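Q: Have a look at this one before I ask anything.
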Amino acid sequence: MAQVAESTASLRIMGDDLSPAEITRLLGCEPTKGEAKGDRIVGPKTGHVRIARTGMWRLEAGRCTPENFDAQIEEILSKLNPDLDMWAMLTRKYAVEIFSGLFLNELNEGFVVSAKTVRALGERGIEIQFDVYGAVKEPGEESA
């Protein structure tokens, strides 16, 4: 089985009453992006305006080619307050997840999440959401 071609990962904390400044204070790190419910958001490329339906605090790791999910989680968590009581409070109050995009070049690719990474996320009550983007074959290409 081939290794997943590319991965992205970000920590997302979401809630209607979320204050990005308060989450930044608790975690001790500036987000990649933060917004409060009702904020006016202008798309940087399109200029399209939307209103934030909920609050979100997001911290992104660098893209990895090939996939290196463990390193991405370590990159994110190493920047944040390790206090497990604080994490318990956050996960009681907000939706807290790692969002990961997995990009395949082949029809069958895989990856392993280390026990260390599973433990670190579990201790903090962080769920993982994977979006998997399959290999796209050009018309006339054979399937494996």
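The values are calculated or read from the model by the stated rules, or taken from the named source; none is laboratory data. Remember, it's a predicted structure, so these values are computed and weren't measured experimentally. No Cβ is skipped: glycine too gets one built from the backbone with ideal geometry, and neighbour counts run over all protein chains shown.
Q: When both residues are 6+ apart or on different chains and their Cβ atoms are under 7 Å apart, which pairs have a first residue that lies in segment 72-87 and is closer than 22 Å to LEU102 by Cα, and a second that is assigned to a helix (DSSP H, G or I) and modelled with pLDDT of 95 or more?
A: The qualifying pairs are ILE73/THR117; ILE73/ALA120; ILE73/LEU121; LEU77/ALA120.
Conditions (1) in contact with a strand residue (DSSP E or B) (Cβ under 6 Å, 6 or more places away or on another chain); (2) small (Gly, Ala, Ser), marked per residue:
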residue	(1), (2)
ARG25	no, no
LYS33	yes, no
ALA36	yes, yes
ILE41	yes, no
THR54	yes, no
ASP70	no, no
ILE76	yes, no
ASP83	no, no
GLY101	yes, yes
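Q: Which one of ALA71, ALA115 is touching a Cys at 6+ places or on another chain (Cβ under 7 Å), farther than 22 Å from MET56 by Cβ and among the hydrophobic types (A, V, I, L, M, F, W, C)?
A: Result: ALA71 is the single residue among ALA71, ALA115 that is touching a Cys at 6+ places or on another chain (Cβ under 7 Å), farther than 22 Å from MET56 by Cβ and among the hydrophobic types (A, V, I, L, M, F, W, C).
Q: Would it be correct to say that ALA95 is free of Cβ contacts under 8 Å to residues at least 24 places away in the same chain, closer than 20 Å to GLU127 by Cβ and not charged (D, E, K, R)?
A: In short, no.
Q: Take GLY34 and tell me if it is farther than 29 Å from ALA135 by Cβ, out of contact with any Cys (no Cβ under 7 Å at 6 or more places or on another chain) and loosely packed, with under 14 Cβ neighbours inside 10 Å.
A: no
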